[in-house]
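This report concerns only the one structure given below.
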Amino acid sequence: MKRIKVLHASIKAGGGHNALRDFIYNELEKQPDKFRNIKFDHTVDSIEAFDTALSKVAPALYELFFFFAPRTVSDVFFVATFNLFKQCYKAIKDNNPDIILSSHFLLTQHFSLAKRLLRSKTIVVDCMPDYGPPSALQNPTLPWFRAEYILTFEEWTKNSVIKDLKVPKEKVLLAGRNPSKVYEDTRIKYHNKQAAREQIKVIMDYFPFSKIDSSKTTVLVTAGATQSGKTEKLLRAIAAEQKTDINLVDKYQFFVITGRNMKYFEKLVGLSKKYRYWSNIFPFPWVDSDVYALIQYASDFPILGSIAPATLNELIESECGPFIIYRTRAGQEIPHRVFVEEKGLGKFIPDLKVLVKKLSNGISDDERERFLNKGKAFRTEQARLASGLSELVYNLYPQEGD
């Protein structure tokens, strides 16, 4: 049995790409007799900066590119991002991998050209982290820029790649993904959400967290790592409703993820000190993964200003739902919210007045039970597909006699 060398490549372009790369890496590390795994992190950070800026400043243009740009634009993107090429070329030359698993389509393009210039036999696989139909930009027209295989992680995505991107079905692979094991471990360790809330008070034994009430319905509020401040408009609508109906303060509490945005964190702490109708809103700064998993499990359901597959799987594992999505980023997150609704995992409610009204009425037992059942079915299927990931990757490499 040959031990094959696998290069796991990612780039700073949103947390989902690194999360997927790390998941695949960890899965293959479980079989050291089959794989020698190498991580590669491209150092260019302009991709994330451009993506974030365009989605904020001109979301309509962003969506126009994502959904309607012809495949030829992908070839133009390759030229525009040629600064990525040198490191990809060097990674193949220095490591001579048997397989490259790339979690971003632009990296995939540069690895694909580099291997041809080096006359390398490495097999390049484009790993798609998102759910739903991909953009035509992810499959360039020029064959020199294309991967040998595309690895998808959901059936809708796989079928869309075959149908919409015209990729031969034998070149499109399907696997599953699991959240980090810390989410399962947290759920098993604390067993119920009240115990998890009490543990948060132990870990963060200072204001405002000392005022957490383990008996209240707890709502997680997050808009993603780079746009945490986008939740302020939502929180002000909630606070205004609580000012009108102060009984809501005794019914709910909100765990708000502010992340590295300390200015926003301090602003919310100040409001919590000053006004009773803000006193049940608890901002959480950047915390380690164990505490973040605890916060998710301690929450009954989330209100989301961003949704990605990594977060979706974490929340389902944490039994945090059904989801209420009030906004998404332009581009791929639009299919994500469609996916959530079609799978029965939650609803998209962009109107804040309607959302606050829904919050006042509460989540019914039937809605909660539906989420748990649908989520369990989804996670079971994902775990089944994930269990075959290592074998799927290993079989891509031609064995002796093939």
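Nothing in this text is a laboratory measurement; each read-out follows from the coordinates by a stated rule. Nothing here was measured: the structure is a model prediction, and the numbers come from that model. In this analysis, Cβ positions are derived from the backbone assuming ideal geometry, glycine residues included, and neighbour counts consider all displayed protein chains.
Mind jotting down the distance between the C-alpha centroids of the stretch 131-158 and the stretch 249-284, whole Å?
First find each Cα centre; the distance between them is then 41 Å.
Rounding to the nearest 10 and keeping the result within 0 to 90°, find how far the Cα-based axis of helix 193-203 lies from the longest principal axis of the chain.
Relative to the chain, helix 193-203 is tipped by roughly 90 degrees.
Can you pull out the trypsin sites (Lys or Arg not before Pro) in the stretch 1-54 whose DSSP state is coil and whose Cβ has at most 15 other Cβ atoms within 10 Å?
Of the trypsin sites (Lys or Arg not before Pro), the ones in loops of the stretch 1-54 whose Cβ has at most 15 other Cβ atoms within 10 Å are Lys2, Arg3, Lys30.
What does the highest-first list of 267-276, 115-124 look like by mean Cβ count within 10 Å?
The packing order, highest mean first, is 115-124, 267-276.
What is the packing order of peptides 393-399, 344-350, 361-367, 278-284, taking the mean over residues of other C-beta atoms within 10 Å and listing the highest first?
Values: 393-399: 16.0, 344-350: 18.1, 361-367: 11.6, 278-284: 22.4.
Answer by packing, highest mean first, reads 278-284, 344-350, 393-399, 361-367.
Can you give the extra length, in nm with one decimal, that the chain gains between Asp365 and Asp185 once fully stretched, where that is 0.36 nm per residue apart less the Cα-Cα distance? Walk me through the numbers before you get to the answer.
Details: separation 180, 0.36 × 180 = 64.80 nm, distance 2.55 nm.
Computed gain between Asp365 and Asp185 is 62.3 nm.
Extension gain Asn95-Phe207, at 0.36 nm per residue separation less the Cα-Cα distance, in nm?
35.3 nm
So what J values fall out for the stretch 232-246 if you push phi through Karplus, 6.51 cos²θ - 1.76 cosθ + 1.60 with θ = phi - 60°, rounded to Hz, Gly and Pro as x?
So the Karplus estimates, Gly and Pro as x, are 4, 4, 4, 5, 5, 5, 5, 4, 5, 5, 5, 5, 6, 10, 5 Hz.
Place a point 7 Å from the Cα of Asn83 along the Cα-to-Cβ direction; which residues of the stretch 12-48 have their backbone N under 17 Å from it?
It comes to 12-14, 42-48, nothing else.
Between Ala49 and Glu155, what's the calculated FRET efficiency when r is the beta-carbon distance and R0 is 30 Å? Round to 0.05.
0.35
Determine the gain in length on full extension of the stretch Asp164-Thr72; use 0.36 nm per residue of separation and subtract their C-alpha separation, reporting nm with one decimal. Kindly include the intermediate steps, with their values, before the conclusion.
On the way: separation 92, 0.36 × 92 = 33.12 nm, distance 1.47 nm.
Working it through step by step, the gained length comes to 31.7 nm.
Between Asp351 and Met262, what's the calculated FRET efficiency when r is the beta-carbon distance and R0 is 41 Å? Round to 0.05. Working shown, then result.
Values: r = 31 Å, r/R0 = 0.75.
Once rounded, the FRET efficiency stands at 0.85.
Hey, what do the phi angles of the stretch 262-274 turn into as Karplus ³J(HN,Hα) couplings, whole Hz, using 6.51/-1.76/1.60 and θ = phi - 60°, x for Gly and Pro?
5, 4, 5, 4, 5, 4, 5, 4, x, 5, 5, 5, 7
Could you sort the peptides 319-325, 102-108 by per-residue average Cβ neighbour count (10 Å cutoff), highest mean leading?
The peptides rank, most packed first, as 102-108, 319-325.
Just check the stretch 181-382 against the gyration tensor rule for me: Cα atoms, a ≥ b ≥ c as the square roots of the eigenvalues, rounded for a/c under 1.5, and otherwise prolate or oblate depending on whether a/b exceeds b/c.
Because its axes are fairly even, with a/c under 1.5, the stretch 181-382 counts as rounded.
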